[in-house]
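Chemist: Here it is, the structure, as structure tokens.
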């Protein structure tokens, strides 16, 4: 299992991405939360939305769901 932190800021921060992270279980990629900046975050690490196998939403704040 590999954990990649894709962001660690509040909904209003300007310096880092929103709170998203990716868990890779032997090739199965689970995105934990999906902030509004998720396409840019995934592009920066060489992935696209079609590379994600599943999404887990922790709660319904926009900085965790805005990318759906």
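Chemist: Say we join alpha carbon atoms closer than 10 Å with springs in a Gaussian network model of the chain; which of 53, 44, 26 then has the biggest fluctuation?
Modeler: Among 53, 44, 26, the largest mean-square fluctuation in the Gaussian network model of the chain belongs to 26.
Chemist: Would you mind telling me which residue in 31, 47, 22 has the biggest mean-square fluctuation in a Gaussian network model of the chain, where springs connect alpha carbons within a distance under 10 angstrom?
Modeler: 47
FYI, it's all coordinate maths here, none of it is from the lab. Keep in mind it's a predicted model, so treat the numbers as computed, not measured.
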